[in-house]
1. When you check Met208 against the structure, is it in contact (Cβ under 8 Å) with a residue 24 or more places away in the chain and either open to solvent by 90 Å² or more (accessible area, probe 1.4 Å) or among the hydrophobic types (A, V, I, L, M, F, W, C) (or both), yes or no?
2. Could you identify the single residue in Ser11, Ser82 that is at pLDDT below 95, closer than 25 Å to Ile206 by Cβ and either more than 16 Å from the ligand (Cβ to nearest atom) or crowded, with 17+ Cβ neighbours inside 10 Å (or both)?
3. How do the pairs read when you match residues in the range 9-27 that are closer than 29 Å to Gly42 by Cβ with residues anywhere that are small (Gly, Ala, Ser) and loosely packed, with under 13 Cβ neighbours inside 10 Å, using Cβ under 6 Å and keeping only pairs 6 or more apart or on different chains?
4. Could you say which residue among Ile100, Ile48 is β-branched (Val, Ile, Thr) and open to solvent by 50 Å² or more (accessible area, probe 1.4 Å)?
5. Between Lys118, Lys92, which is assigned to a loop (DSSP other than H, G, I, E, B), open to solvent by 80 Å² or more (accessible area, probe 1.4 Å) and not assigned by TED's automatic domain parsing to the domain that holds Lys26?
6. Given the criterion aromatic (Phe, Trp, Tyr), out of contact with any Pro (no Cβ under 8 Å at 6 or more places or on another chain) and either within 23 Å of Gly197 (Cβ to Cβ) or in a helix (DSSP H, G or I) (or both), identify the matching residue among Tyr97, Tyr106.
7. Please find, among Arg113, Arg107, Arg125, the residue that is charged (D, E, K, R), crowded, with 17+ Cβ neighbours inside 10 Å, touching a residue at least 12 places away in the same chain (Cβ under 8 Å) and touching a Phe, Trp or Tyr at 6+ places or on another chain (Cβ under 8 Å).
Amino acid sequence: MAINPFEWQCSFCNQHQVVTDSTFAKSFKKLYLGKPRAGDVGVSFYAIRCANPSCNELTLTFSYVTAKVHNGDWVENAELQSWRLLPDSYAKPQPDYIPIALRDDYREACLIRDKSPKSAATLARRCLQGMIRDFCGISKSRLVDEINTLRERVEDGSAPKGVEPETVEAIDAIRGIGNIGAHMERDISLIVDVDPGEAQALIELIEMLFEEWYVARHVRDEKLTRVKMIAAEKAAAIQAGKAQMAQQKLATTTD
Ligand SMILES: [Zn+2]
């Protein structure tokens, strides 16, 4: 059966695309095992192949559903539970120039966000601390002291390029949510209770800082390298022109 094309974003490569029959598959199976607690049930899966040729990854979701009879056939009714099997986490792909330890903490925090929010929050906090140490060069025993030092440096203008007052504001806003503030004031190894929403807020803060700090610095550096290269080429061309003119002058005086 043909599907109605729909808009979708691939979690592997972040590319927006329209999903059609050529990149989509879905299947439903009624489970014939009497009536479990949920009534008539079945399982279904759907798979989407990314249309971006350089990605081409498969996103796979498996669902436990209720079933009903429609036109004499068993069909899927309502979803009871769903598991996204591929990709195995909601982590967004991050570029290689972000230190591997930070990317690993981020990816693992995303992986366990729903099953263990407090472990996810602990990993996210360690990642945030790692970023402040690596990117901002501030290292203290408690994360809260590092954030306070970062704020002072932003205020007196000695913070690294790209660390804006808004960033410190965002960190402070996250600190104000539930137990996360207490989390930042305690020892790094201490696990504090948080709910999935709080862990998600920390994960989103990390994604924002990856973008605003590491990605922005990389783009800046690339632009600077390009400008320097163009300048060097122009300088070389001017030098060559001057040398040619001197040669011509020499040629006319010796004639
Ligand atoms: Zn993709």
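The values are calculated or read from the model by the stated rules, or taken from the named source; none is laboratory data. Bear in mind the structure is a predicted one, so any value in this text is a computation, not a measurement. Please note: Cβ atoms are built from the backbone with ideal geometry, for glycine as well, and neighbour counts cover all protein chains shown. In case anyone asks, the SASA skips ligands and DNA or RNA and just uses the protein heavy atoms, side chains included. Shrake-Rupley method; radii C 1.70, N 1.55, O 1.52, S 1.80 Å.
1. Working: in contact (Cβ under 8 Å) with a residue 24 or more places away in the chain: yes; either open to solvent by 90 Å² or more (accessible area, probe 1.4 Å) or among the hydrophobic types (A, V, I, L, M, F, W, C) (or both): yes.
For Met208, the condition - in contact (Cβ under 8 Å) with a residue 24 or more places away in the chain and either open to solvent by 90 Å² or more (accessible area, probe 1.4 Å) or among the hydrophobic types (A, V, I, L, M, F, W, C) (or both) - is met.
2. Values: Ser82 fails: closer than 25 Å to Ile206 by Cβ.
So the residue among Ser11, Ser82 that is at pLDDT below 95, closer than 25 Å to Ile206 by Cβ and either more than 16 Å from the ligand (Cβ to nearest atom) or crowded, with 17+ Cβ neighbours inside 10 Å (or both) is Ser11.
3. As it stands, the answer is Asp21/Ala2, since those pairs meet every condition given.
4. Values: Ile48 fails: open to solvent by 50 Å² or more (accessible area, probe 1.4 Å).
Criteria check complete, one pass: Ile100.
5. Result of the check over Lys118, Lys92: Lys92.
6. Values: Tyr97 fails: either within 23 Å of Gly197 (Cβ to Cβ) or in a helix (DSSP H, G or I) (or both).
Of the residues listed, the single one that is aromatic (Phe, Trp, Tyr), out of contact with any Pro (no Cβ under 8 Å at 6 or more places or on another chain) and either within 23 Å of Gly197 (Cβ to Cβ) or in a helix (DSSP H, G or I) (or both) is Tyr106.
7. Arg113
The rows are residues; the columns are (1) outside any strand (DSSP E or B); (2) open to solvent by 80 Å² or more (accessible area, probe 1.4 Å); (3) of a type in the set (Val, Ile, Thr).
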site: Gln17; (1), (2), (3): no, no, no
site: Tyr32; (1), (2), (3): yes, yes, no
site: Ala38; (1), (2), (3): yes, no, no
site: Gly42; (1), (2), (3): no, no, no
site: Asn52; (1), (2), (3): yes, no, no
site: Cys55; (1), (2), (3): yes, no, no
site: Lys68; (1), (2), (3): no, yes, no
site: Asn77; (1), (2), (3): no, yes, no
